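Accompanying notes for the structure given below.
The values are calculated or read from the model by the stated rules, or taken from the named source; none is laboratory data. Keep in mind that this is a model prediction, so the values were computed, not measured. Note that each Cβ is placed from the backbone with ideal geometry, even for glycine, and that neighbours are counted across all protein chains shown. All accessible areas refer to the heavy atoms of the entire protein, side chains included, with ligands and DNA or RNA removed. Shrake-Rupley method; radii C 1.70, N 1.55, O 1.52, S 1.80 Å.
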Amino acid sequence: MTHTPPTTDASPEPGRSRPRASLALWLQAAAALMWLPQAAALALGVGRIAEGGGATAMLAPAAALIGFGALRAGLDAAGQRLAFRDARAELSRLRFNATRALAARSPLDAGRAPSGLAASVLAEQAEAVTAYVARFQPARFKATAVPLVILACVAPLSWLAALILMAAAPLIPLFMALVGWRAKAASERQFVAMGEMNGFLLDRLRGLDAIRSAGAVEATAQRVRAEADGLRRRAMAVLRIAFLSSAVLELFSALGVALVAVYVGFNLLGQIPFGAWGGRLSLPEGLFVLLLAPAFFEPLRELSAAWHDRASGQAALEALERLAAPGRMALPGAVDEPAFAPPFGPAPVVRLKGLRFAHDGAERPALDGFSLVVAPGERVAVLGPSGTGKSTLLALIAGLAPAAGGRILIGGAEMTPDTAAALRARMVWIGQTPHVFSGSLSRNVRLGRPDIGRVQAERALRATALGPLLDRRGDAAVGENGLGLSGGETLRLALARLAVAPGATLVLADEPTAHLDRETARQIMDALIALSAGRTLIVATHDPELAARMDRIVRFDDARLEDAA
Ligand code: ADP
Ligand code: MG
């Protein structure tokens with residue numbers, strides 16, 4: 001099997017520089033450092049009062065205190081805003097990459113992420129990236145830069161105070177790292193469990209009728225209960241670790257501040273006449289050192305509060321990267337769709353030459369040297385029992401998976417990864433169970449295509465005999481997966497989608513009537529034949545009666561067809 005390499009940079013570029021992000025970091029660090037001049041002003045003001053200075057002596061320090069306070073608030077707000085915006089932009093980029101990579105995987109690739117898991121990662125888990133970028137990263141930056149600057153301000157006044165701070169501080173990151181390492185593992189386990197539970201729930205909700213009819217409701221409910229219980233225990237483990245890390249931090253920072261306070265107090269009283277370069281600290285100096293001690297620990301506390309953001313953020317980043325990784329089987333021409341409007345050209349000729357394809361892990365190839373020519377406007381039935389490779393053949397013609405060998409030419413254009421998207425735009429696929437989205441009938445026909453209006457969609461619905469249903473339902477939403485529609489109505493809806501796509505001149509129908517009763521199947525076939533006038537039609541079916549209504553029957557049981565190539 002050919003493994004088409006990914007054609008674009010679907011994976012997030014890790015080394016990408018984000019100037020907005022680093023500006024946000026600097027702004028927030030600068031805001032934290034504004035406490036230095038504020039503390040100096042406060043210490044100076046108190047010193048002047050102690051010296052018996054009047055109210056006028058206090059004016060300048062007070063003004064400085066307020067001025068720097070305002071500056072600090074402004075810088076902090078700007079920094080946080082910038083960081084948050086950058087985080088949202090980064091998150092959108094990661095989500096875009098992951099969705100694009102998912103869309104670029106062939107529908108035949110059995111190794112695709114389960115939709116429940118993908119939905120849970122993209123919608124819920126991805127949100128953790130915001131907190132990681134907007135909270136944790138600035139906190140980490142502040143925790144490395146701000147204490148060093150404060151230490152550099154304390155050390156020239158008192159080496160002993162600096163020593164106390166230095167001794168208390170490294171213990172904090174050490175313990176936090178130990179705890180955080182456990183927290184990441186716990187958080188990863190929690191997210192994996194959450195994704196699995198989402199996937200399990202989505203899957204079981206979809207198959208609720210099967211579960212009910214098999215009498216397995218109680219067993220399924222028990223499993224959901226067991227999974228929910230496991231999730232609860234994992235969430236508690238994460239919380240326990242978070243509590244532990246904050247307890248460690250509070251203990252060491254309280255000890256550090258208390259020791260500095262005791263030292264400064266006794267030094268001012270003359271009981272500990274050493275530790276400062278000149279032997280004794282003056283009152284403003286002592287006060288300044290004292291005021292800086294809590295500020296020294298503040299960034300570390302902030303880091304600790306954001307610590308669990310790190311674990312969940314990194315887990316989310318990894319999960320998004322895993323989703324964004326290219327799959328084993330790429331959908332040819334899926335990414336960077338050309339701005340291509342299907343031409344209103346004539347029905348194309350379809351030439352298949354020596355097609356080969358084997359599914360992953362299959363014992364024998366589903367197609368081995370299959371050749372066929374379908375004339376423009378011809379209606380061909382590909383007839384064969386189940387499991388002979390009819391769906392695989394249609395998928396290859398539709399360019400949903402790369403063929404392992406052979407050629408596909410549609411209207412003279414060869415199917416390659418470069419042309420696949422453009423060629424697909426000229427096709428309509430009608431499956432056995434067309435997907436119905438939760439939304440009104442007309443929206444289900446338009447499918448968000450901007451060039452198809454509501455009037456046009458309703459006309460198509462009436463043309464496929466869905467007029468009475470439309471009159472009854474109006475704009476009311478049809479249930480997900482066609483809930484509330486009969487099998488025949490669902491197929492008529494798919495035919496209405498075909499009716500509004502005049503540029504699609506090749507119709508591929510995969511057992512469109514397999515699960516319908518004779519009468520409905522006949523009506524659907526009539527509608528399909530009428531709608532495919534002027535188009536080339538290839539229908540895969542195991543029903544000889546329906547196949548007989550086509551211009552030609554190609555039997556599939558004989559796997560090696562040498563139909564003139
Ligand atoms: P048909 O449409 O004629 O019933 P298919 O093309 O669906 O046959 O399947 C042909 C063979 O390939 C079958 O043996 C089937 O089990 C296998 N097959 C189909 N789809 C996949 C898949 N996505 N992964 C692995 N094997 C597959
Ligand atoms: Mg099939």
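Diffusion of the chain by Stokes-Einstein, at 10 °C in a medium of 1.306 mPa s and with Rh set to the Kirkwood radius over alpha-carbon pairs, works out to 54 µm²/s.
At 1.4 Å probe size, put 556, 84 in order of accessible surface, largest to smallest.
84, 556
The alpha-carbon of residue 184 sits under 15 angstrom from the alpha-carbons of these aspartates and glutamates, leaving out residues fewer than 8 places away in its chain: 309, 318. Taking each DSSP H run with n ≥ 4 as -39500 (n - 2.57) and averaging over every residue of the chain yields -19000 deg cm²/dmol at 222 nm. Scanning the chain for trypsin sites (Lys or Arg not before Pro) in DSSP loops with at most 10 neighbouring Cβ atoms within 10 Å leaves 17-559 as the longest stretch between them.
In this structure the chain gives 48 Å² per residue of accessible area when probed at 1.4 Å with all protein chains present. Two numbers describe the Cα atoms of the stretch 20-324: Rg and Dmax, which are 26.2, 90 Å. Quick one: Cα centre-to-centre distance for the stretch 180-243 and the stretch 57-82, in angstrom? When both Cα centres are located, 48 Å separates them.
Return the percentage of antiparallel bridges among DSSP beta bridges fully within the chain, rounded to the nearest 5 %. Taking every DSSP beta bridge with both residues in the chain, the antiparallel ones total about 45 percent. Summarising the label geometry, the points placed 7 Å from Cα in the beta-carbon direction at residue 386 and residue 530 lie 3.1 nm from one another. In angstrom, the C-alpha Rg and Dmax of the stretch 350-468 are 17.3, 50.
The mean sequence distance of close C-alpha pairs (under 8 Å, at least 6 residues apart), as a share of the length of the stretch 83-154, puts its relative contact order at 55 percent. What the phi angles of the stretch 59-72 give under the Karplus curve with 6.51, -1.76 and 1.60, with θ = phi - 60°, is a coupling list of 4, 4, x, 5, 4, 4, 4, 5, x, 5, x, 5, 4, 4 Hz, glycine and proline written as x.
Residue 209 label point, 7 Å along Cα→Cβ, cut-off 13 Å on backbone N: hits in the stretch 490-520? Residues 490, 515-516 qualify, since their backbone N sits under 13 Å from the label point. Accessible surface of residue 391, taken over heavy atoms with a 1.4 Å probe and every protein chain present, rounds to 60 Å².
Efficiency by 1/(1 + (r/R0)^6): what FRET value for residue 425 and residue 240, r their Cβ-Cβ distance, R0 = 51 Å, to the nearest 0.05?
Numbers: r = 55 Å, r/R0 = 1.07.
The pair residue 425/residue 240 has a calculated efficiency of 0.40.
For the residues 469, 102, a 1.4 Å probe over the protein chains yields an accessible-area ranking, largest first, of 102, 469. Taking amide H atoms as placed 1.01 Å from N in the peptide plane, the amide H of residue 367 lies under 5 Å from those of 357, each 5 or more residues away in sequence or on another chain. Among the protein heavy atoms of the stretch 20-324, carbon and sulfur supply 69% of the accessible surface, probe 1.4 Å, non-protein parts ignored.
First measure r as the distance between the Cβ atoms of residue 551 and residue 438, then evaluate 1/(1 + (r/R0)^6) with R0 = 25 Å and state the FRET efficiency to the nearest 0.05.
0.05
Label reach from residue 163 (point 7 Å along Cα→C-beta): in the stretch 277-318, amide nitrogens under 17 Å belong to 277-281. Here the label points at residue 185 and residue 77, each 7 Å from Cα along the C-beta direction, are separated by 4.5 nm in the simple model. Sorted into 10 angstrom bins from 0, the C-alpha pair distances of the stretch 350-564 split as 8, 34, 34, 19, 4, 0 percent. The angle between the Cα long axis of helix 307-324 and the longest principal axis of the Cα atoms of the chain comes to about 20 degrees, rounded to the nearest 10. Using the Cβ-Cβ distance between residue 480 and residue 221 with R0 set to 22 Å, the FRET efficiency from 1/(1 + (r/R0)^6) comes to roughly 0.55. Taking the C-alpha atoms only, the angle from helix 518-531 to the longest principal axis of the chain is near 80 degrees.
Each of residue 50 and residue 115 was given a label point 7 Å from its Cα along the Cα-to-Cβ line. The distance between the two points is 7.2 nm. Applied to the stretch 18-27, the Karplus parametrisation 6.51 cos²θ - 1.76 cosθ + 1.60 on θ = phi - 60° returns per-residue 3J(HN,Hα) values of 10, x, 5, 5, 6, 4, 4, 4, 5, 4 Hz, with x for Gly and Pro.
The phi-based Karplus calculation (6.51 cos²θ - 1.76 cosθ + 1.60; θ = phi - 60°) puts the 3J(HN,Hα) values of the stretch 155-161 at 4, x, 8, 8, 6, 6, 4 Hz, whole numbers, x for Gly and Pro. These residues, 307, 277, 35, go from largest to smallest accessible area, 1.4 Å probe, as 277, 35, 307. Along the Cα-to-Cβ line of residue 414, 7 Å from the Cα, sits a label point; which residues in the stretch 297-337 have backbone N less than 19 Å from it? Answer for the stretch 297-337: 332-334.
The Cα atoms of the stretch 17-145 define a convex hull whose projected area, averaged across directions, is 10.4 nm². Along the axis of the charge dipole computed for the stretch 350-564 (Cβ charges of +1 for Lys and Arg, -1 for Asp and Glu, origin at the Cα centre), the listed residues 420, 553, 405 are led at the positive end by 420.
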